[in-house]
Amino acid sequence: MDIQQSIRGLLGGALVLIATFSHPVLAEYTSHGISLYGEPKYTENFSNFDYANPNAPKQGELVMAEMGSFDSLHQFIDLGKKPRGLFWLYDRLTVRGHDKDEIKTRYGWLAEKMTIADDYSSVIYFLRKEAKFSDGYPVTAEDVAYSLNLYRESGLSNIKSRFKMVKSVEVIDPLTVKINFGGDGSRLQILNSGNLPVLPKHIWQHKDFTQPSLDIPIGSGPYKVTSVDPGRRIVYELRDDYWGKNLPVNKGKYNFKNIKVEYFRDRNAAVQALKTNDVNYIAETNLLRWNKLYQGDVFSAGTVVKDKINYDAPSFVTAMVFNLRQAKFDDRRTREALVTAFDFEWLNEKAFNNQYTRATSLFNNSFLAAEGLPSAQEKAILIPLSAQLPEQVLSSEFTLPSTDGSGRNRKNLLKAQALLKEAGWKVKNNKLVHSVTGEVMTINFLLPSPAMKPAIGAYIQTLKKLGISSNITIKTGTEYYKLLMQRQFDMTPSQYKVRIPPNTELRSSLKSEFAGVASSYNISGIKDPAIDNLVEGLVQSDRYVDTQAYGRALDRVLKWNYYYLPLWARNFQLVAYQNYIEKPLQAPKYGYEVEFWWDERSK
């Protein structure tokens with residue numbers, strides 16, 4: 001029995017009396033959708049999602065501004081920088097519902113229905129006979145099997161991870177395909193298997209799947225690519241012959257006749273283009289830029305709308321990650337000292353007008369965020385791992401240091417000094433030097449935008465008081481991405497937004513096996529066997545209480561190891577657009593989707 005099985009045994013005992021809204025035990029059944037917790041909200045004959053406007057006109061153009069560049073149109077491998085929107089070219093077996101009443105549910109898209117084994121060891125998908133690729137070829141079970149095997153062998157790391165538990169795939173007939181999980185099957189595995197972009201076998205069997213390419217992709221999705229200027233522009237056109245346009249899951253969706261994605265090297269230039277109506281949509285992530293850059297007559301007059309969209313879902317969390325491949329960050333006390341020196345309250349008042357909240361967890365504003373002391377369920381998970389954990393994980397409540405916002409952070413700096421001393425650092429000639437290795441502590445901050453420099457600037461001044469010198473490297477677009485993938489940084493900001501429930505992408509973000517993979521999302525290089533166990537437990541949980549317990553246990557271990565410096569969190573999205581762009585009255589729970597918006601101008 002491995003440690004994961006032991007934990008599950010303990011957890012099962014601890015949870016037996018807990019009230020849940022877990023799913024009932026079912027015999028094999030056939031359905032139009034599947035929900036992780038309970039039953040799908042929408043019945044088989046539903047007409048459209050509540051957050052869609054089925055009467056939205058299909059016309060006009062969305063011109064999006066994006067930063068950076070791109071050099072490949074092959075979206076399913078780690079290599080290459082891809083443009084936004086390639087996912088509009090492909091259909092999946094099922095599509096996720098984003099309604100406020102549903103935590104995680106997927107409804108048939110390419111698949112009209114699915115038959116799920118009573119022990120979740122397999123799922124059979126029944127494809128819609130009318131589904132066709134943009135070149136006229138039908139979408140078949142052979143395409144599904146071929147795609148799944150391609151992803152498992154050579155796919156993007158998070159897609160490869162998604163299908164890790166698949167044992168085999170069988171083509172039953174041209175429109176029926178069976179995916180087998182054997183004893184590793186679960187409701188979550190079944191759910192995830194529907195998130196499969198289906199590729200045309202007749203195209204890819206003659207191409208090298210492992211290499212970036214600028215060839216125009218062929219898919220079965222609602223849009224096709226009509227022109228590409230590599231690095232600068234890509235144009236999508238809504239297919240008049242799209243086979244799935246009348247499906248309930250697509251009613252009121254994909255309303256723009258054309259979508260043009262324009263790439264800019266500089267955010268200022270992009271905002272100027274918005275002001276002159278050369279682009280009509282920009283999504284913003286930086287509140288400093290939002291407050292300072294998006295100003296002028298067009299905003300005052302309402303010609304361009306500044307929209308702050310609140311939502312009830314896990315926060316966008318910005319954290320500064322340590323590059324744990326650097327020896328200077330090996331000692332947990334060193335990392336704790338650097339976290340302690342950060343004065344969030346001062347920064348939030350001076351730079352953000354108190355519009356942010358402190359990020360206290362990567363799972364902020366979700367039921368996965370740990371609070372107080374560990375529950376009995378969390379202890380059942382954590383105790384078998386105790387030899388690999390900081391002792392405080394099981395005994396203490398985690399809190400981040402706080403200040404009065406005055407900028408006088410003396411108490412926390414004294415604590416940081418003490419922690420650094422315990423970790424073997426001492427100040428010599430105004431420089432922090434390690435007493436054993438002789439290494440001088442310097443930190444190279446890699447930033448993706450000049451807009452972050454003021455926010456980090458105050459922190460750097462604080463670090464100086466500890467004898468730590470710092471450098472800032474600012475790179476944008478592909479240059480930043482290249483340095484990030486080469487791990488050329490000591491600390492760099494990263495934005496997290498956990499999916500509920502966490503999906504298999506968590507593996508590539510946190511597990512040891514991805515720490516050395518250059519293109520993985522394990523940016524900080526975490527290699528921690530306890531984290532590995534907890535991530536596996538979390539992504540394999542298919543009951544609400546299990547997901548909650550594993551999520552909170554993982555959260556505690558991440559926090560007490562100080563693997564990252566939490567900066568701020570937000571529960572809103574920022575987007576600016578021309579006032580002829582309209583959106584449905586009701587937004588999805590997990591953030592807006594521009595595919596449901598439309599251009600109000602008449603033809």
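Do you know which of the residues in segment 318-360 that are modelled with pLDDT under 95, aromatic (Phe, Trp, Tyr) and not in a loop (DSSP other than H, G, I, E, B) is farthest from residue 414 (Cα to Cα)?
352
Yes or no: residue 216 assigned to a loop (DSSP other than H, G, I, E, B), touching a strand residue (DSSP E or B) at 6+ places or on another chain (Cβ under 6 Å) and at pLDDT 95 or above?
yes
So which residues in segment 441-473 are surrounded by fewer than 16 Cβ atoms within 10 Å (Cβ to Cβ) and of a type in the set (Val, Ile, Thr), if there are any at all?
Matches in segment 441-473: 442, 472, 473.
Could you say which residue among 256, 264, 299, 209 is under 23 Å from residue 479 (Cα atoms) and surrounded by 15 or more Cβ atoms within 10 Å (Cβ to Cβ)? Spell out how you get there, then give the answer.
Details: 256 fails: under 23 Å from residue 479 (Cα atoms); 299 fails: under 23 Å from residue 479 (Cα atoms); 209 fails: under 23 Å from residue 479 (Cα atoms).
None of the other options fit; the residue is 264.
Here's a check for you: in segment 90-115, which residue that is assigned to a loop (DSSP other than H, G, I, E, B) and among the basic types (Lys, Arg) is nearest to the chain's Cα centre (by Cα)?
Within segment 90-115, the match that is nearest to the chain's Cα centre (by Cα) is 104.
Taking residue 199 as meeting all but one of (1) of a type outside the set (Val, Ile, Thr); (2) in a loop (DSSP other than H, G, I, E, B); (3) modelled with pLDDT of 95 or more; (4) surrounded by fewer than 16 Cβ atoms within 10 Å (Cβ to Cβ), write down the number of the exception.
With (1) of a type outside the set (Val, Ile, Thr); (2) in a loop (DSSP other than H, G, I, E, B); (3) modelled with pLDDT of 95 or more; (4) surrounded by fewer than 16 Cβ atoms within 10 Å (Cβ to Cβ) applied to residue 199, the lone miss is (4).
Hey, among 324, 338, which residue is touching a strand residue (DSSP E or B) at 6+ places or on another chain (Cβ under 8 Å) and among the aliphatic types (A, V, I, L, M)?
338
Let me confirm something: among 519, 541, which residue is within 25 Å of residue 374 (Cβ to Cβ) and in contact (Cβ under 8 Å) with a residue 24 or more places away in the chain?
541
Return the total of residues in segment 116-130 being within 29 Å of the chain's Cα centre (by Cα) and either outside any loop (DSSP other than H, G, I, E, B) or over 29 Å from residue 498 (Cα atoms) (or both).
6
Considering (1) in a loop (DSSP other than H, G, I, E, B); (2) touching a residue at least 24 places away in the same chain (Cβ under 8 Å), say which one residue 415 fails and leave the rest.
(1)
When residues of segment 303-359 are filtered for being farther than 30 Å from residue 585 by Cα and hydroxyl-bearing (Ser, Thr, Tyr), how many remain?
Summing the residues that are farther than 30 Å from residue 585 by Cα and hydroxyl-bearing (Ser, Thr, Tyr) in segment 303-359 gives 2.
Kindly indicate which of 589, 511, 559 is closer than 30 Å to residue 52 by Cβ and of a type outside the set (S, T, N, Q).
Result: 589 is the single residue among 589, 511, 559 that is closer than 30 Å to residue 52 by Cβ and of a type outside the set (S, T, N, Q).
Report every pair of residues separated by at least 6 positions or lying on different chains whose Cβ atoms are under 9 Å apart, first residue within segment 87-102 and modelled with pLDDT of 95 or more, second among the hydroxyl-bearing types (Ser, Thr, Tyr) and assigned to a loop (DSSP other than H, G, I, E, B).
88/254; 89/134; 89/220; 90/220; 91/220
Taking the options 95, 144, name whichever one is out of contact with any Gly (no Cβ under 9 Å at 6 or more places or on another chain), under 29 Å from residue 79 (Cβ atoms) and buried (at least 19 other Cβ atoms within 10 Å of the Cβ).
Numbers: 95 fails: out of contact with any Gly (no Cβ under 9 Å at 6 or more places or on another chain).
Just a single option satisfies the conditions, and that option is 144.
Given (1) farther than 25 Å from residue 114 by Cβ; (2) in a loop (DSSP other than H, G, I, E, B), identify the lone condition not met by residue 221.
(1)
Answer with yes or no whether residue 505 is touching a residue at least 12 places away in the same chain (Cβ under 8 Å) and charged (D, E, K, R). Give the derivation first.
Numbers: touching a residue at least 12 places away in the same chain (Cβ under 8 Å): yes; charged (D, E, K, R): yes.
So residue 505 passes the test.
Just to check your reading of the model, which residue among 281, 356 is within 26 Å of the chain's Cα centre (by Cα) and closer than 30 Å to residue 256 by Cβ?
After applying the criteria, what remains is 281.
Is at least one residue of segment 80-89 assigned to a helix (DSSP H, G or I), among the aromatic types (Phe, Trp, Tyr) and open to solvent by 10 Å² or more (accessible area, probe 1.4 Å)?
So the first thing to find is which residues in segment 80-89 are assigned to a helix (DSSP H, G or I), and the list is 86-89.
From the residues that got through so far, the ones that are among the aromatic types (Phe, Trp, Tyr) too are 87-88.
Subsequent filtering for residues that are open to solvent by 10 Å² or more (accessible area, probe 1.4 Å) retains 87.
Yes: one or more hits.
Output the residue which, of all residues in segment 454-472 that are closer than 21 Å to residue 411 by Cα and β-branched (Val, Ile, Thr), is modelled with the lowest pLDDT.
By that ranking, first place goes to 456.
Give the residues of segment 161-196 that are within 26 Å of residue 72 (Cβ to Cβ) and outside any loop (DSSP other than H, G, I, E, B), sorted by residue number.
Within segment 161-196, 161, 162, 192 qualify.
Between 385, 347, 419, which is more than 25 Å from residue 529 (Cβ to Cβ) and not basic (Lys, Arg)?
Selected residue: 347, the only one of 385, 347, 419 that is more than 25 Å from residue 529 (Cβ to Cβ) and not basic (Lys, Arg).
Looking at segment 496-513, which of the residues that are surrounded by fewer than 21 Cβ atoms within 10 Å (Cβ to Cβ) and over 20 Å from residue 335 (Cβ atoms) is modelled with the highest pLDDT?
Only one residue fits best here, namely 513.
Out of (1) open to solvent by 40 Å² or more (accessible area, probe 1.4 Å); (2) at pLDDT below 90; (3) closer than 23 Å to residue 67 by Cβ; (4) not acidic (Asp, Glu), the odd one out for residue 517 is which?
If we test residue 517 against (1) open to solvent by 40 Å² or more (accessible area, probe 1.4 Å); (2) at pLDDT below 90; (3) closer than 23 Å to residue 67 by Cβ; (4) not acidic (Asp, Glu), just (3) comes out false.
Among the residues of segment 361-382, what is the count of those that are of a type outside the set (Gly, Ala, Ser), surrounded by fewer than 21 Cβ atoms within 10 Å (Cβ to Cβ) and either in a loop (DSSP other than H, G, I, E, B) or in contact with a strand residue (DSSP E or B) (Cβ under 9 Å, 6 or more places away or on another chain) (or both)?
3
Given the conditions (1) crowded, with 19+ Cβ neighbours inside 10 Å; (2) in contact with a helix residue (DSSP H, G or I) (Cβ under 7 Å, 6 or more places away or on another chain), and given that residue 194 satisfies all but one, which numbered condition is not satisfied?
(2)
For residue 587, work out the one condition from (1) open to solvent by less than 30 Å² (accessible area, probe 1.4 Å); (2) under 21 Å from the mean Cα position of the chain (by Cα) it doesn't fulfil.
It is condition (1) that residue 587 fails.
Being buried (at least 20 other Cβ atoms within 10 Å of the Cβ), assigned to a strand (DSSP E or B) and touching a Pro at 6+ places or on another chain (Cβ under 7 Å) is the filter here; which residues of segment 226-253 pass it?
Of everything in segment 226-253, just one residue is buried (at least 20 other Cβ atoms within 10 Å of the Cβ), assigned to a strand (DSSP E or B) and touching a Pro at 6+ places or on another chain (Cβ under 7 Å), namely 234.
The values are calculated or read from the model by the stated rules, or taken from the named source; none is laboratory data. None of the values given here were measured: they were computed from a predicted structure. Reconstructed Cβ throughout: ideal geometry from the backbone, glycine too, with neighbour counts over all protein chains shown. SASA here: full protein model, heavy atoms, side chains in, ligands and nucleic acids out. Shrake-Rupley method; radii C 1.70, N 1.55, O 1.52, S 1.80 Å.
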